[in-house]
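Report on one structure; see the data block that follows.
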């Protein structure tokens, strides 16, 4: 025993008593370690179970995504040739699929790279409405669709549905919003530039193709067809998306496409064809949609329109049809820029005369003449402009070289010039330098010969030298309004009317009286007396006064009287009232005995 005690004392340390407080702390720490180990084991077990659940969930997501893609592919195959709308019988299934995908995106469960790859694994394009809905759900960007699916040369896959939606927007207000969002996405992507040059190029080319188709459709559109231009309005959310500068470039692209030399046949790019179509190429002669299209462009771009006209007019080939229509729209809608147009025309004429450049001279000449043709109080008639611009104080009156350039232009267009303009050139001849009198004489003979070939008189077809005095009226109607206003105020017939009846009999009988009496050959649309502060009966009273002076042939007056009586009968029949007025046949009131024998309209029993 003693040996054992010695052994233990030698090899074992004696335990010192532990204070109660320290022993408690040690016990607490040990318990905490045990709890931590237990939590770690539990977390590991949960992670293992969750990983197994995630794998199952991922398999479920992949299955749903695959089903969604199959639904989209089926809708694409059933889509109409317009490529615009989801088939009606598949709208519900496509919307449900989009909702599933939207939820996966919000939970970060959708692998977009795989989704886009599988979605585009189809030969036919997707309906634009479907792409738009995916874009709104933040599942697929429109720019990504264009970049990945539409290759250069196949931009019509998007341009065709865009045009279809714009021409059928009356069926649904949603259509134009699809177009606006599409353009917004493509314009933003096209501005990315160096960040993604390839995508920028493809998106810009697609926008250009859409605009090309829209403008081409406008040039061929009929009166019955309409196109929704709300996407171009400054208040649209398209401007919010791309900014004021981007929106201006977008609208400017429409204008440039319209001015492009390929917009119309090559024949409209020559000087002679331009002169031939000028008088008919007015805003009022195109469809309502085309009018609205041009007015929107002019109002949005403002002075930039004049700048683009200046650039287009100095090109070797000019689309004169577009030039005339845009000029007309600017004259009518933008009076603040009339001086800009005048300045441009004067500058082109001056450059052409001083430099012997016939292209600039003819461009300025036709531009100025078209401004005079458009109904606006800011521009004088062509008759006044021509006589003033090439009168005694003009540069052509002092320079033989410049005068010959002017006469060269006038001579070149004689074969297609209108009779009215030829009469103006003859009666308001430009002032010629002394050495150029023979040149002017030769032109005058040529113009008179052309008028004779047309069986037209060389007299001006107007009583007054200004040719046109009232907005919306031609020279013949302007003459009638002026003489009627004078007659209503003074009860006298103007001296030019009486002189014309003696010295200009052909014009007086074949033009003035035909227009005054409303006979065949007069203007298609008659003016409204109230628009010019005329009484309803003033014109008839003036005609009776002329007849009393023997200034209206009996045959013409009887034709007028019968026409007036017929109109009165029709009006009374519509109103179910007896005709109370009998038109005098001799310019004198009928006596009572004649009144009893005259025709009367009685009520039907």
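The values are calculated or read from the model by the stated rules, or taken from the named source; none is laboratory data. These numbers come from a predicted model, not from an experiment. Cβ coordinates were reconstructed from backbone atoms using ideal geometry, including for glycine residues, and neighbour counts include every protein chain displayed.
Within region 521-559, restricting attention to residues that are within 30 Å of residue 285 (Cβ to Cβ) and assigned to a helix (DSSP H, G or I), which residue is modelled with the highest pLDDT?
That would be 539.
What is the number of the single condition among (1) crowded, with 16+ Cβ neighbours inside 10 Å; (2) over 13 Å from the mean Cα position of the chain (by Cα); (3) under 17 Å from residue 214 (Cβ atoms) that residue 260 does not meet?
(1)
Determine the pairs where a residue that is buried (at least 16 other Cβ atoms within 10 Å of the Cβ), located within region 520-534, has a partner that is assigned to a loop (DSSP other than H, G, I, E, B) and at pLDDT 75 or above with Cβ atoms under 6 Å apart, the partner being 6 or more residues away or on another chain.
Qualifying pairs under 6 Å: 529/536.
Would you check if residue 177 is without any contact (Cβ under 8 Å) to a residue 12 or more places away in the chain, within 27 Å of residue 94 (Cβ to Cβ) and not in a helix (DSSP H, G or I)?
On the way: without any contact (Cβ under 8 Å) to a residue 12 or more places away in the chain: yes; within 27 Å of residue 94 (Cβ to Cβ): yes; not in a helix (DSSP H, G or I): no.
No; evaluated as a whole, the condition is false for this residue.
Does residue 76 fit the bill of being in a helix (DSSP H, G or I), farther than 26 Å from residue 156 by Cα and either at pLDDT 90 or above or not assigned by TED's automatic domain parsing to the domain that holds residue 175 (or both)?
So residue 76 does not fit the description; no.
State all residues of region 330-342 that are closer than 19 Å to residue 254 by Cβ and crowded, with 23+ Cβ neighbours inside 10 Å; if no residue qualifies, say none.
Pass one, region 330-342, residues closer than 19 Å to residue 254 by Cβ: 330, 332-334, 337.
Across region 330-342, the qualifying residue is only 330.
Quick one: which of 564, 595 is in a helix (DSSP H, G or I), under 30 Å from residue 492 (Cα atoms) and modelled with pLDDT under 50? Steps first, answer last, please.
Details: 564 fails: modelled with pLDDT under 50.
On inspection, the qualifying residue turns out to be 595.
With the condition kept exactly as written, say whether any residue in region 329-350 is in contact (Cβ under 8 Å) with a residue 40 or more places away in the chain, more than 29 Å from residue 394 (Cα to Cα) and touching a helix residue (DSSP H, G or I) at 6+ places or on another chain (Cβ under 8 Å).
From region 329-350, those in contact (Cβ under 8 Å) with a residue 40 or more places away in the chain are 329, 331-332, 335, 338, 349-350; that's our starting set.
Now drop any that are not more than 29 Å from residue 394 (Cα to Cα), which leaves 329.
Within this subset, residues satisfying the condition of being touching a helix residue (DSSP H, G or I) at 6+ places or on another chain (Cβ under 8 Å) are 329.
The answer is yes, given that some residue of region 329-350 is in contact (Cβ under 8 Å) with a residue 40 or more places away in the chain, more than 29 Å from residue 394 (Cα to Cα) and touching a helix residue (DSSP H, G or I) at 6+ places or on another chain (Cβ under 8 Å).
Return only the number of the condition from (1) under 18 Å from residue 462 (Cα atoms); (2) surrounded by 17 or more Cβ atoms within 10 Å (Cβ to Cβ); (3) touching a helix residue (DSSP H, G or I) at 6+ places or on another chain (Cβ under 6 Å) that residue 560 does not satisfy.
So residue 560 meets the others, but not (1).
Given the criteria over 13 Å from the mean Cα position of the chain (by Cα), at pLDDT below 90 and in a helix (DSSP H, G or I), does residue 241 qualify?
yes
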